[in-house]
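Below: one structure, written as structure tokens.
The values are calculated or read from the model by the stated rules, or taken from the named source; none is laboratory data. Just so we're clear, the structure is a prediction, and the values are computed from it rather than from any experiment. Neighbour counts are summed over all protein chains in view; Cβ atoms, including those assigned to glycine, are modelled from backbone coordinates with ideal geometry. For the accessible areas, the whole protein counts, side chains as well, though only heavy atoms, and no ligand, DNA or RNA atoms are used. Shrake-Rupley method; radii C 1.70, N 1.55, O 1.52, S 1.80 Å.
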Amino acid sequence: MRKLESHHPLTAEEGEAVHNLPFKLRHLEAQSYTIREGDRPDRCVILISGYAFRHKLTGDGSRQIMSLHIPGEALDFQNMFLTESDHNIQMLTRGTVAEIPRPAIEELVLRNPNIGRAILIFTLVEASIFREWVLNIGRRDARSRIAHLLCEFAYRLTALGLVPDGPYELPMTQEQLADATGLTAVHVNRVLQGLQRDGLIERDRRIIRFPSWGQMRDVADFNARYLHTREFHA
């Protein structure tokens, strides 16, 4: 509800309709799939805790991570009216999801146009994030790519009550960072060391902190406009 209402307000009655959706809780381990490419989408998965990622595989098995997802986000709105999934979604960490039957979501949307509008805006924001990721991989250098991903993740965590320049745990291995930025794990390691050496990040295992959010944002070429939050810091 908070995620939907961050982009489009809902009435109390509409909120109650969302809360009354049937669901089943599942506890998943890291790397567990919520859906695989080729599956028929028969449910909508909401991420309650933990982190997840969306990805596709080439014919030879190489992986490209397309997006990261934080608690409170729906993972399957993109598949809601499709008959076959064209990508995979996996848990990045251990976590809990709520599975809502697809017919229940479809009926909710068709009977409540304002909820449908909120879900459409949610999906359009995901498309905006995809465009930024294409730009990141296609046109930014390795240093900016990694910095941009770190900034985006920190900024999106503000939805969980954190601040962009505060410390946070990055739930990704260097191999996963490589698959998200089109680099090798060795190259990612060099970039992280360089950012740390230049005082742009501080690292303690997986805990990341930016000594200067402004400097890090400039190196990353990061502007939060594409996240379409009601307020963003340019």
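Compute the Cα gyration tensor for the chain, then decide on rounded, prolate or oblate, letting a ≥ b ≥ c be the square roots of its eigenvalues: rounded whenever a/c is under 1.5, prolate when a/b is larger than b/c in the other cases, and oblate in all that remain. Don't skip to the end; give the middle numbers.
Working: a/c = 1.99, a/b = 1.52, b/c = 1.31.
It is prolate, given that a/c is not under 1.5 and a/b is the larger ratio.
With +1 assigned to the C-beta of every Lys and Arg and -1 to the C-beta of every Asp and Glu, and no other charges, what is the dipole magnitude of the range 119-234 about the Cα centre in debye, to the nearest 20? Walk me through the numbers before you get to the answer.
Numbers: 15 positive and 14 negative charges, 25 e Å.
That gives the range 119-234 a dipole magnitude of about 120 debye.
What helices in the chain pass both tests, a Cα length along the helix axis of 27 Å or more and a mean Kyte hydropathy of -1.0 or higher, using whole DSSP H runs?
Values: long enough: 113-139 (38 Å, 0.71).
Sorted by number, the helices that extend far enough and score high enough are 113-139.
Can you tell me the relative contact order of the range 46-178? Whole percent, Cα pairs under 8 Å, sequence separation 6 or more. Can you show the working numbers first?
Values: 133 pairs, mean separation 31.3, N = 133.
Result for the range 46-178 is 24 percent.
Can you tell which of 97, 19, 77 lies farthest toward the positive end of the dipole of the range 8-130, using +1 and -1 charges on the Cβ of basic and acidic side chains (Lys, Arg; Asp, Glu)?
97
If the only charges are +1 at each Lys and Arg Cβ and -1 at each Asp and Glu Cβ, what is the size of the charge dipole of the range 1-71 around the Cα centre, to the nearest 20 debye? Mind dumping the intermediate values first?
Working: 10 positive and 9 negative charges, 56 e Å.
The calculated dipole for the range 1-71 is roughly 280 debye.
Report the GluC sites (Glu not before Pro) located in the range 65-104 that are in a DSSP loop and have at most 10 other Cβ atoms inside 10 Å of their Cβ, or state none. Provide the component values of the computation, followed by the final result.
Values: sites: 73, 84, 99; in loops: 73, 84.
Taking the range 65-104 and a limit of 10 other Cβ atoms within 10 Å, the loop GluC sites (Glu not before Pro) found are 84.
From the square roots a ≥ b ≥ c of the eigenvalues of the alpha-carbon gyration tensor of the range 64-175, which class results: rounded (a/c under 1.5), prolate (a/b over b/c), or oblate?
Values: a/c = 1.89, a/b = 1.68, b/c = 1.12.
It comes out prolate by the Cα gyration axes.
Let's see if you can work this out: charge +1 on each Lys and Arg Cβ, -1 on each Asp and Glu Cβ, no other charges. What is the dipole magnitude of the chain about its Cα centre, in debye to the nearest 20?
Numbers: 29 positive and 30 negative charges, 98 e Å.
Approximately 460 debye in magnitude.
Over the range 53-178, with the other protein chains present, what is the accessible area per residue in square angstrom, probe 1.4 angstrom? The partial results should precede the final answer.
Values: 5330 Å² over 126 residues.
With all protein chains present, the range 53-178 gives 42 Å² per residue.
Quick one: pull the percent of accessible area on the range 76-216 belonging to carbon and sulfur, 1.4 Å probe, ligands and nucleic acids left out. Working shown, then result.
Details: 3420 of 6590 Å².
The C+S portion of the solvent-accessible surface of the range 76-216 is 52 percent.
Determine, for each peptide in 75-82, 208-215, 91-98, the mean count of other beta carbons within 10 angstrom over its residues, then list the peptides with the highest first.
On the way: 75-82: 17.2, 208-215: 15.6, 91-98: 19.0.
Answer by packing, highest mean first, reads 91-98, 75-82, 208-215.
Rounded to the nearest 500 deg cm²/dmol, what is the calculated helix-only ellipticity per residue at 222 nm for the chain, with -39500 (n - 2.57) per DSSP H run of length n ≥ 4?
Numbers: 8 runs with 93 residues, N = 234.
Counting only the DSSP helices, I get -12000 deg cm²/dmol.
Find the relative contact order for the chain and round it to a whole percent, using C-alpha pairs within less than 8 Å whose residues are 6+ positions apart.
21 percent
Once a ≥ b ≥ c are taken as the square roots of the eigenvalues of the Cα gyration tensor of the range 122-211, is the result rounded (a/c under 1.5), prolate (a/b larger than b/c) or oblate (a/b not larger than b/c)? Walk me through the numbers on the way to the answer.
Numbers: a/c = 1.84, a/b = 1.10, b/c = 1.66.
Oblate shape, in that a/c is at least 1.5 and b/c is the bigger or equal ratio.
Which of the peptides 26-37, 182-193 is most tightly packed, and how do the rest follow, going by the mean number of other Cβ atoms within 10 Å of each residue? Provide the component values of the computation, followed by the final result.
Working: 26-37: 14.7, 182-193: 16.2.
Order by mean packing, descending: 182-193, 26-37.
Rounded to the nearest Å, what's the spacing between the alpha carbon centres of the range 120-134 and the range 168-213? Just the number, please.
When both Cα centres are located, 24 Å separates them.
Of the options 173, 189, 136, report the single residue whose Cα projects farthest towards the positive end of the charge dipole of the chain (beta-carbon charges: Lys, Arg +1; Asp, Glu -1).
So the residue furthest toward the plus end is 189.
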